[in-house]
Amino acid sequence: MHSETVAQNPCRTFFQLHELNQDKVKALNEQEDRLNWESLSASSHSPGIVDSGEVLCRILFDPIHFDPLTSTLKPSAFDDICNKGLSVNRVKHRGIAESLAAGAAQAETASRLRTPRSLYGHLVALASELRSVAREGQRCLAIYDTAIPENPSHADVCMVVPDRAAFRSARAQLHDKYKSQLVPA
Amino acid sequence: MLMETIAFATLLASQKPVTKMEGLFSNSGINCGRQFFETTDISHVYTSVAGRQGSFVAPVLNSGWVYDQQDSLVSQITDYGEVLKARSAADGRPYDLAQIQKMIGAIKMIPSGIPTPNPMLSDSGELGLYWDTESAFADLVLEASGRFSLFIRQKDGASKETFLEDIDLTESVFESLAEPLGLLCDA
Amino acid sequence: MSIEALFPFAGNHSIQSLAFVFEWANPLTPHQLQEAAKLAPSLKSHFPKVVPLQTMTFTLGPVPNMPQIPNDARGIGGIHFHGRPTPEGVPSQELQINPSNCVIIINQYTRWASVWDSVQSWLEVVFPEILPAHPVSSLGLQCTDLFHWRGNPELLVMREIFQESDYLPKHVFDCKSLWHSHHGFFEDISAPVPCRLLENVNVGWLENNKQRSISIQCVHKAELSEQVWDIAALKSIFGQILPGLHDRNKKILGSLLTKPVCEKIKLVV
């Protein structure tokens, strides 16, 4: 089987190249076709591109993003959309319970290597709702099927407008929509 | 057995010897007095939720029931400093701790009449304050440049947004932001 | 304008706490207080923590012909339900069931409408259990307004904070140091519900950990001419009296504070 060339799948080439880049969204926004890339699969481990009707699950590890007084998430919970990509799991490929179990194991590993982390909770969102976040008529977010070998359901939600005002707007809109949606662990 | 804190219900000013006193205390040792409305006698002493022992005929010094939201906010930002130190130790990545003092300075510049904001800290170490009221959302972020940016989004149908960046925050600059931030105040 | 250094408690409003009080005509027994603890699951979403209070009764000094009271006699003194803590370390709201009263305290005040809705919903949980045996004899509202003075105390001009008012002695305007004023009075009310109203207006220029503050604490207590035995009647009376007490509180604040300070906290009377 021939390996894909950049011309055949620039999306996959890009995400392979930037797999470990904690600031990949900045590089993504230098790509003119980044919105069109949603129709290309970002990973050879992926079961396919993310359909707008899909339910996505975000696992939360850090209580610093949660306000216990109002039981709401803080805007900082959504910051990853502008740097490394906001990691989510595609529920149709990995159920919520399985995501939570994997999340708990991940938190334990991370705790041994870094500051203590524990599974805090999760929230769910429709891909179409995330894709509908817009500013001045311009779409702000794209979702790529950035599957990894140990998690084929993995996807990234990324800002596709390289503008600080657009990021703050998208973050505010996500906060408004999902701040009270956290399901505690 | 550990003696819990006892808060006495009312202090009797008369010369009569006290024969029986009732105290109220919780198992957690929280000092709490009898609450409100002890009597219909106007001149009698009431105590507050925090068990304040004063009377209403003397000025109150160090009452313990006066709270300050600004102090609490500064305290939370200071706590974020400890989080950043811990992350730095774990990651081996330096975080800018000078920003803690800068943010505390910003908090103390918030003009009177603006609601008290909430603090936030991003995974990348970026400090911010945010307001989320019925009429608007706003966030004030201390950027890596050492300057601030302010974003406001109204919650009416038009969802009008304001974004100001590269702000060198001084008291007079904050005063000039009082008008857009005034959108946060619910009608 | 010198009131730039005057900061209302929450930035845009001055209410540090609000308390709704219901007094029982006769005290709850320890058994009833213990039973009240069973309300915890129904209140859990707003009051996740339960704090039982104990009383201890003891005798001081010999008194002739006094029956002997056993020392260290303990019993249950109340059941308190606490909301999540605020950054200031106090519960955001508290629901206390005490032998003589039920007190609902709001320490994280936002606006009257949302507080009102919440309090009414909590009444629905608590009172059906208690009312049949313990009617309510009075209702009350206690409001604590706080303003922090973040400037030089010497530069505060009291006439820029307070206006001349029936509830404040003129001496406060000339007083060079800390002061306090307490004024209480009764008023007989015939409508909407006949009651005797006890009002207390406590105003102070105080110092706490070197921070100067202006405090205004008002107590408005309505002693009902008829006791209330059932939840429907209580809700009706509550709905008629409490908004009126809230309005009285606003009127008193409006008569105490200068117009610029009222504008700062959006107080419209």
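The values are calculated or read from the model by the stated rules, or taken from the named source; none is laboratory data. Just so it is clear, the structure is predicted and the values come from calculations on it, not from any experiment. Backbone-built Cβ (ideal geometry, glycine too); neighbour counts: all protein chains shown.
Of the residues that make up region C:188-202, is at least one part of a loop (DSSP other than H, G, I, E, B), at pLDDT 95 or above and in the same structural domain as C:I252 (by TED's automatic domain parsing)?
Among the residues of region C:188-202, not one is part of a loop (DSSP other than H, G, I, E, B), at pLDDT 95 or above and in the same structural domain as C:I252 (by TED's automatic domain parsing), which makes the answer no.
Just wondering, is there one or more residues in region C:143-158 that are under 15 Å from the mean Cα position of the chain (by Cα), without any contact (Cβ under 8 Å) to a residue 24 or more places away in the chain and not in a loop (DSSP other than H, G, I, E, B)?
no
Going by what's in this entry, would C:S181 be described as touching a residue at least 60 places away in the same chain (Cβ under 8 Å), under 30 Å from C:S2 (Cα atoms) and outside any loop (DSSP other than H, G, I, E, B)?
For C:S181, the condition - touching a residue at least 60 places away in the same chain (Cβ under 8 Å), under 30 Å from C:S2 (Cα atoms) and outside any loop (DSSP other than H, G, I, E, B) - is not met.
Within region A:119-139, does at least one residue satisfy the condition of being surrounded by 15 or more Cβ atoms within 10 Å (Cβ to Cβ), in contact with a His (Cβ under 7 Å, 6 or more places away or on another chain) and not hydroxyl-bearing (S, T, Y)?
No; the residues of region A:119-139 include none that is surrounded by 15 or more Cβ atoms within 10 Å (Cβ to Cβ), in contact with a His (Cβ under 7 Å, 6 or more places away or on another chain) and not hydroxyl-bearing (S, T, Y).
So for region B:121-133 (the condition being modelled with pLDDT under 95, more than 30 Å from A:N21 (Cβ to Cβ) and in contact with a helix residue (DSSP H, G or I) (Cβ under 9 Å, 6 or more places away or on another chain)), does at least one residue qualify?
Within region B:121-133 (the criterion being modelled with pLDDT under 95, more than 30 Å from A:N21 (Cβ to Cβ) and in contact with a helix residue (DSSP H, G or I) (Cβ under 9 Å, 6 or more places away or on another chain)), the answer is yes, since at least one residue qualifies.
It is to be established whether one or more residues within region C:198-205 are within 19 Å of C:S138 (Cβ to Cβ), within 14 Å of chain B (Cβ to nearest Cβ) and among the β-branched types (V, I, T).
Yes - at least one qualifying residue is present in region C:198-205.
(1) assigned to a helix (DSSP H, G or I); (2) surrounded by fewer than 17 Cβ atoms within 10 Å (Cβ to Cβ); (3) at pLDDT below 95: which one isn't true of A:A107, the others all being true?
The single condition A:A107 does not satisfy is (2).
Within region A:140-162, take every residue that is hydroxyl-bearing (S, T, Y) and not in a strand (DSSP E or B) and give me the one that is surrounded by the most Cβ atoms within 10 Å (Cβ to Cβ).
Looking at residues that are hydroxyl-bearing (S, T, Y) and not in a strand (DSSP E or B), I get A:T146.
With the structure loaded, tell me whether B:F148 is under 22 Å from A:L69 (Cβ atoms) and surrounded by 20 or more Cβ atoms within 10 Å (Cβ to Cβ) or whether it fails that test.
no
Picking from A:A42, A:A77, A:A102, which residue would you name as being surrounded by 20 or more Cβ atoms within 10 Å (Cβ to Cβ), out of contact with any Leu (no Cβ under 9 Å at 6 or more places or on another chain) and touching a residue at least 12 places away in the same chain (Cβ under 8 Å)?
Result: A:A42 is the single residue among A:A42, A:A77, A:A102 that is surrounded by 20 or more Cβ atoms within 10 Å (Cβ to Cβ), out of contact with any Leu (no Cβ under 9 Å at 6 or more places or on another chain) and touching a residue at least 12 places away in the same chain (Cβ under 8 Å).
Could you identify the single residue in C:K221, C:K176, C:K210 that is buried (at least 18 other Cβ atoms within 10 Å of the Cβ), within 13 Å of chain B (Cβ to nearest Cβ) and charged (D, E, K, R)?
Exactly one residue qualifies, and that residue is C:K221.
Take A:A134 and decide whether it is within 29 Å of B:E134 (Cα to Cα) and without any contact (Cβ under 8 Å) to a residue 60 or more places away in the chain.
So A:A134 fits the description; yes.
Which one of B:I167, B:I114 is more than 9 Å from every other protein chain (Cβ to nearest Cβ) and among the β-branched types (V, I, T)?
Within the list B:I167, B:I114, the selection yields B:I167.
Looking at region B:94-124, which of its residues are farther than 23 Å from C:N12 by Cα, buried (at least 17 other Cβ atoms within 10 Å of the Cβ) and polar (S, T, N, Q)?
Those that are farther than 23 Å from C:N12 by Cα, buried (at least 17 other Cβ atoms within 10 Å of the Cβ) and polar (S, T, N, Q): B:Q99, B:S122.
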